[in-house]
Each structure stands twice: as structure tokens, then as C-alpha cells.
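K.L.:
This is the structure I have questions about; it appears just below.
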Amino acid sequence: MTDNLCSFDGCEKKTIARGYCTKHYQRWSKYGDPSITKPRVRDACSIDDCDGPAVGHGYCTKHYQRFKKFGDPHKVIDRSAGTCSFEDCDRKHYAKGFCASHWKQINRGEEVHKFSDQAIPFEELLWSRVDRTDTCWLWTGPLSDQNYGLFNKDRKTWYAHRYFYTRFKGEIPEGLEIDHICWVTNCVNPDHLRLADRTQQNEYRQGPQKASRTGVRNVHIRKGNRFKKYHVEVGHGGRSYSGGTYYTIEVAAIAAASLRKRLHSRPS
């Protein structure tokens with residue numbers, strides 16, 4: 001078994017070639033002598049007063065990372081102030097030493113540039129997205145899938161109609177929601193917004209159910225009567241209220257609206 005061991009003195013590893021183990025064979029193959037060891041020697045970092053070994057572009061690990069991120073190996077991030085590290089930018093720190101705006105530029109691979117010295121005040125920016133008509137105040141900014149206005153503030157997404165209600169009328173109690181009495185979901189006019197629970201919102205919705213055969217809310221077709229076939233029925237408080245049966249759908253629609261107004265005590 002000893003014939004299969006490395007021939008280098010004191011080495012008991014198995015032979016692979018020329019009577020040497022892997023380690024000593026590689027030394028013999030590279031330097032001509034299996035006893036020679038030449039540790040890897042790296043050049044020092046090219047930054048003055050830095051003795052760290054160079055790992056890339058002539059910089060040590062620390063300066064190379066700075067060079068990769070900022071294009072400047074001397075760049076130092078001051079995180080103590082909590083502001084953006086970009087020159088003359090005093091915005092709040094968001095990530096990697098930058099504010100949200102400059103960090104987005106870096107992520108997109110864009111050239112990092114300076115923004116306006118004075119940001120647009122929040123209220124001014126908000127009102128710039130409102131089209132105040134004679135009736136509704138229409139939100140012209142981003143919209144949700146249900147056509148409700150949206151905006152971002154303090155890293156959160158807000159519903160515009162809820163913000164305007166709070167701004168002009170006060171806090172929204174827990175368990176209640178904001179209902180549009182104008183039925184325009186992107187309207188933020190506080191006069192068109194009111195507090196309501198889910199049941200009240202469902203009662204006050206606009207238009208018929210999707211499965212309606214008449215296409216008019218609270219008006220149904222009554223079988224068995226050839227003449228008076230349009231029946232009015234309104235639900236409120238878990239009960240159904242009959243509003244009569246009519247010859248034409250136009251008259252039935254007026255009766256349904258009148259009954260809703262009387263039951264719900266609100267315009268319809």
C-alpha cells in the first residue's frame with residue numbers, strides 16, 4: 001500500500017502522477033519542484049493611504065464597491081444625517097444613500113441628475129390634479145380599477161375622496177365608508193361625499209343589478225298580468241317594500257325612485 005502514497009517526505013496522500021499527490025504534482029508541474037510554495041501576492045489598492053489588496057480595477061474591495069455604485073472610489077455615504085447623498089440634495093434617505101427619486105434613476109440605469117431646488121408643495125400638487133366643475137370636483141390623477149382617485153403620500157397609497165373628506169369634514173369613524181351621492185367615483189367634492197355603512201352604500205348604488213330584465217333599478221316584470229306587468233319593489237333594512245304595478249316602465253321607474261327617496265331619506 002505504501003507504493004501508492006505520495007513520494008514527497010512526510011506526505012501520506014495517494015499518488016495521482018509522477019509519484020506525487022495532487023498538491024505536490026501541481027507544484028512540480030508549475031515550478032519544477034514539489035517543495036516550492038508561492039502564495040498569491042496581490043498589488044495594493046491604488047488609492048493613497050490604502051494598503052488593502054486590489055481585487056478589481058486596481059481598487060481594494062471597499063473602494064471597488066464605491067467605484068461600482070457611484071463611479072467614484074472616494075464616495076462616502078453619510079447616513080447619520082438621514083438625507084440623500086447626492087450633491088445638494090436634502091431629500092429624505094430612501095435606499096443605498098439616496099432619496100427615492102435618485103434611487104429610481106439609478107435602478108433604471110439613467111444618468112443621475114439634480115432636481116429642482118424647491119419641490120412642489122403637497123397641497124399645490126394635489127389641487128393641480130383636481131378639475132373643479134360646476135358640480136363635481138373630478139380627480140385627474142391616477143385611478144383605481146373602480147375609477148377612484150389615487151395618490152402617494154409618505155410612502156403610502158391614499159384614496160383621493162377619503163383624503164378630501166378628512167381634509168374638509170373630519171375623521172372617518174371606524175366601520176363607516178365614504179359614499180358618493182353624485183355616483184361619480186372620481187369626484188372629490190366634499191359636498192358630494194357622506195358617511196355610510198356597507199348596507200347603505202348597496203341601497204344607494206346607481207343602476208340595476210346585472211341580471212335585471214328591465215334595465216331599471218327596482219323595477220321587475222310581473223308574470224300573469226298582460227297589462228300591468230311592471231312591478232316596483234325596493235329593499236331596505238332587510239325588508240322588501242312594494243311600490244305597486246304599472247302599465248309602462250317609465251311610470252314604474254318614477255315610482256321606484258320616489259319609494260327609494262322615501263325609504264332612504266336621501267335624493268335618488
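We did not get these values from a lab; they are worked out from the coordinates using the rules stated. Bear in mind the structure is a predicted one, so any value in this text is a computation, not a measurement. Note: ideal-geometry Cβ built from the backbone for every residue, glycine included; neighbour counts use all protein chains shown.
K.L.:
Suppose a student asked you for the relative contact order of the stretch 61-175, using Cα pairs under 8 Å spaced at least 6 residues apart; what percent would you report?
P.N.:
Answer for the stretch 61-175 is 8 percent.
K.L.:
Once you have a ≥ b ≥ c as the square roots of the Cα gyration tensor eigenvalues for the stretch 56-106, tell me rounded if a/c is under 1.5, and otherwise prolate or oblate according to whether a/b is larger than b/c. Numbers along the way, then the final one.
P.N.:
Working: a/c = 2.74, a/b = 1.99, b/c = 1.37.
Prolate shape, in that a/c is at least 1.5 and a/b is the bigger ratio.
K.L.:
Show me 186-195, 105-114, 47-56 ranked by packing, highest mean number of other Cβ atoms within 10 Å first.
P.N.:
Working: 186-195: 19.9, 105-114: 10.8, 47-56: 12.8.
Order by mean packing, descending: 186-195, 47-56, 105-114.
K.L.:
Subtracting the Cα-Cα distance from 0.36 nm times the residue separation, let me have the gained length for ARG198 to ASN107 in nm, one decimal. Before the final figure, lay out the partial values.
P.N.:
Working: separation 91, 0.36 × 91 = 32.76 nm, distance 4.22 nm.
Working it through step by step, the gained length comes to 28.5 nm.
K.L.:
Now a separate question. If contacts are Cα pairs under 8 angstrom and at least 6 residues apart, what is the relative contact order of the stretch 132-200 in percent? Can you show the working numbers first?
P.N.:
Numbers: 99 pairs, mean separation 23.0, N = 69.
This gives 33 percent for the stretch 132-200.
K.L.:
Between THR135 and ASP90, what's the calculated FRET efficiency when r is the beta-carbon distance and R0 is 51 Å? Round to 0.05. Write out the running numbers ahead of the final one.
P.N.:
On the way: r = 42 Å, r/R0 = 0.82.
E(calc), rounded to 0.05, equals 0.75.
K.L.:
If you look at just the Cα atoms of the stretch 132-200, how large are its Rg and its Dmax in Å?
P.N.:
In order Rg, Dmax, the Cα atoms of the stretch 132-200 give 11.6, 33 Å.
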